[in-house]
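What follows draws every value from the coordinates through simple rules; no lab data is involved. Every value quoted in this text rests on a predicted model; they were computed, and no experiment measured them. Reconstructed Cβ throughout: ideal geometry from the backbone, glycine too, with neighbour counts over all protein chains shown.
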Amino acid sequence: MTPVPRARLSADTAAMDRRDAAWYVDRIAQWLVFAGGVSAIVFIVGIFVFVTREGLDFVLGSLNLREFFGSIAWRPTSNNPTYGALALIVGTASVTGFAMLMSVPLSLGVALFIAEFATGKTRETLKILVEMLAAIPSVVWGFVGMSIMNPLIIETFDVPVGLNVMNAGLILGLMAAPIMTTIAEDALKAVPDSYREAAEALGATRWEVIWKVVIPASKNGILAAVLLGVGRGFGETMAVLMASGHAINLPTSPFDSVRALTATIAAELGDTVQGGNHWGALFTLGILLFVVTFVINLTADIVVRGIGKE
Amino acid sequence: MFTATPRNRRSYRVQNVARAAFFLATVALVIPVLIIVATLAVKGGPAISWEFLFTPPRDNLTAGGIMPALVGTIWLVVVALLASVPVGVAAAIYLSEYAPDNLLTRTINLAIINLAGVPSIVHALFGVGAFVLFFGAGTSILAASLTLAVMTLPVVIVATRESLQAVPPAFREACWNMGATRWQTIRKVVLPNSISGILTGVILEVSRSAGETAPIMFTGATAYIVFLPQSVMDQTMALSYHLFYIATQQTGVPEELTFGVALVLISIVLLMNAVSISFRVYLRSLKKW
């Protein structure tokens, strides 16, 4: 990307103030596109405001932090409702963790292969395949988890239930891989070729160049890639809902079913009385999800910005 | 003169092992996708027929076709595009052609990253809180499409910004030197030179919004309605939600039918993506500068 030169700013200095029709159109257009630019901020603030607005009554009125973070009893529809989200948080964490265990090495491997080894047509083809992988809709992944992975896991590992941490984790790993691969590859590409040439001139093999020069030089970008992958996994909804078994449970092995934060909202919001405690509790889960992903994205952005400063 | 020492040989061995490992990683990522697409095609293929595509479902969704879901998805995507393309293109023009490097611009960029990173179910909650309840659109195509529009806005912005910035600065300078205003330059020089790149982004957005489920399930999608939507205030069936519903909520749906719906959905999405990608590759080969 070539940045547009700053010299263009001269185009709207006082000298250009000619007040004909074109000048007024120019002003109006400038304000319109400015409004478009600012809309992104309006929307992100809007998301926070509207989700908080629906959850606020619950947060101020009935939220018991100790129960919310310390109890696994999520019983919003019982006579004496309790809202313990611990099992949901652990469920999300275990599925995301399993996904990352598989997906981080895999994605970084693919990124290294595409950026450092593959050339020409191979490289373009692989990049397109990764892009295609990113395009598969989440509900299709969930369906794959239910209809293809489920019997496969039951048969291979001889377990009673195939909708579990492992199933959702594998699916999620494949879903998070494209974003990690793409961003890690960008980070690797950003390392100047002169670094590689200098190392090669000293007699380093391709692997030594990667291991001792390219990876240390791009570690911030790689870290950002992993963070965004975690964010992606953390927020995934339909696939996790369909493939995790959706059972409130503290998992002790990858073969246990779990329930995720996102999946709980998706499964329960439709049957909830608007404005009630259950409604508010689900929006509170939404606030939690928003805040955590916001922090992850912000951290990734700061980490990437760190590269620019070096 | 260049006899390999044991140390050299070891280095090369390590390099070959590394290359093989990375290659295997790539294969491990690509193979599952091919298996998934092949399985969907084999198991869902027999269900696909003209009748399947163009008749409504029957017998509590256990038989018949997907016509209302197909039409509903088209409605949702078109209305979402009408809302998000103008806003997204305006935002991209601002960021590429006007925005100075200041705090506001950095905040806008951060907001775009976050719009893309916020979980889809949180977008759904936003859609319910804002469009369905606060702005009174009710559960309707309008509410669902606006939710989709906000969610896919980053796709349009990022693709458009990229294609605007690919127009060489010299083009703009030449135009300014003729006495054109900034808007005239954008309108007559920058946009015509980047319109096809913008189109690529729009096609990509079609593919994204057609596949989304969570943002529409509480804002406008419904499980079973045989009538086609008449206005944006109607509820509608949608392919993605239909797949979710018959796969998890409805019993007695033949496997072939579910695979058929999954196959149609993934075909639309991948086809749109393929069109977008090949269009981009073609444009790159045409580039005159």
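Overview of values
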| quantity | calculated |
| --- | --- |
| HN-Hα J in Hz across the stretch B:222-238 - Karplus 6.51, -1.76, 1.60, θ = phi - 60°, x for Gly and Pro | 10, 6, 8, 8, 7, 7, 7, x, 9, 8, 6, 8, 7, 7, 8, 7, 9 |
| Over the stretch B:161-279: Rg over Rh, Cα atoms, Kirkwood Rh | 1.21 |
| Among B:Gly260, B:Leu228, B:Leu82 - extreme Cα towards positive end, dipole of the stretch B:50-286, charges at beta-carbon | B:Leu82 |
| Under 12 Å from the B:Ser196 label point (7 Å along Cα→beta-carbon), backbone N, the stretch B:262-278 | B:278 |
| With eigenvalues of the C-alpha gyration tensor scaled by 5 and rooted, the protein assembly as shown, Å | 38, 34, 25 |
| Reciprocal mean inverse distance between Cα atoms of the stretch A:205-254 - Kirkwood radius, Å | 14.1 |
| Translational diffusion of the stretch A:181-310, µm² s⁻¹ [Kirkwood Rh, Cα pairs; Stokes-Einstein; 4 °C; 1.567 mPa s] | 73 |
| Unit charges at the beta carbon, dipole of chain B: most positive-side option, B:Ala144, B:Val27, B:Thr5 | B:Thr5 |
| Exposure proxy ranking, count of Cβ atoms within 10 Å, fewest first, for B:Ile36, A:Ile171 | B:Ile36, A:Ile171 |
| The stretch A:73-124-the stretch A:173-250 distance, computed between alpha-carbon centres (Å) | 14 |
| Stokes-Einstein D for the stretch A:88-309, Kirkwood Rh over Cα pairs, 20 °C, 1.002 mPa s (µm²/s) | 114 |
| Net charge dipole size for the protein assembly as shown [Lys, Arg +1 and Asp, Glu -1 on Cβ; Debye, nearest 20] | 1860 |
| Alpha carbon convex hull of the stretch B:72-117, projected area averaged over orientations, nm² | 3.7 |
| Excluding exposed DSSP-loop trypsin sites (Lys or Arg not before Pro) (at most 15 other C-beta within 10 Å), longest clean stretch of chain A | A:20-310 |
| Contour minus Cα-Cα distance for A:Leu65 and A:Thr77 (0.36 nm per residue) | 2.4 nm |
| For A:Trp74, distant residues with modelled amide H under 5 Å away | A:Gly84 |
| Contact order relative to length of chain A, as percent, for alpha carbon pairs under 8 angstrom and 6 or more apart | 24 |
| Using θ = phi - 60° and Karplus 6.51 cos²θ - 1.76 cosθ + 1.60, couplings along the stretch B:127-143 (whole Hz; Gly, Pro as x) | x, 5, x, 8, 6, 5, 8, 5, 8, x, 6, x, 6, 8, 4, 4, 4 |
| Average Cα contact separation per residue, the stretch B:50-286, under 8 Å, 6 or more apart, as relative contact order % | 28 |
| Simple spin-label estimate for A:Ala21 and B:Arg13 in nanometres, 7 Å along Cα-Cβ | 8.0 |
| Entries in A:Lys127/B:Lys43; A:Lys189/A:Lys212; A:Lys127/A:Lys212 that, when Cα-Cα distance is taken, lie over 18 Å | A:Lys127/B:Lys43; A:Lys127/A:Lys212 |
| Cα-based shape type of the stretch B:1-143, given that a ≥ b ≥ c are square roots of the gyration tensor eigenvalues and the cut on a/c is 1.5 | oblate |
| Within chain B, helix-based [θ] at 222 nm, where runs of 4 or more DSSP H residues each add -39,500 (n - 2.57), nearest 500 | -23000 deg cm²/dmol |
| Within chain A: Cβ-based charge dipole about Cα centre, in debye rounded to nearest 20 (Lys, Arg +1; Asp, Glu -1) | 540 |
| Charge-dipole axis of the protein assembly as shown as Lys and Arg at +1 and Asp and Glu at -1 on Cβ define it, positive-most pick from A:Ala176, B:Leu283, B:Ile198 | B:Leu283 |
| Calculated from backbone phi, Karplus (6.51, -1.76, 1.60) coupling profile of the stretch A:224-230 in Hz, x at Gly/Pro | 4, 4, 5, 4, 5, x, 4 |
| Cα-centre dipole for the stretch B:50-286 with unit charges at Cβ (Lys and Arg positive, Asp and Glu negative), debye to 20 | 780 |
| Neighbour-count order for A:His246, B:His242, fewest beta carbons within 10 angstrom listed first | A:His246, B:His242 |
| Cα principal axis extents for the stretch B:50-286, largest first, Å | 69, 42, 29 |
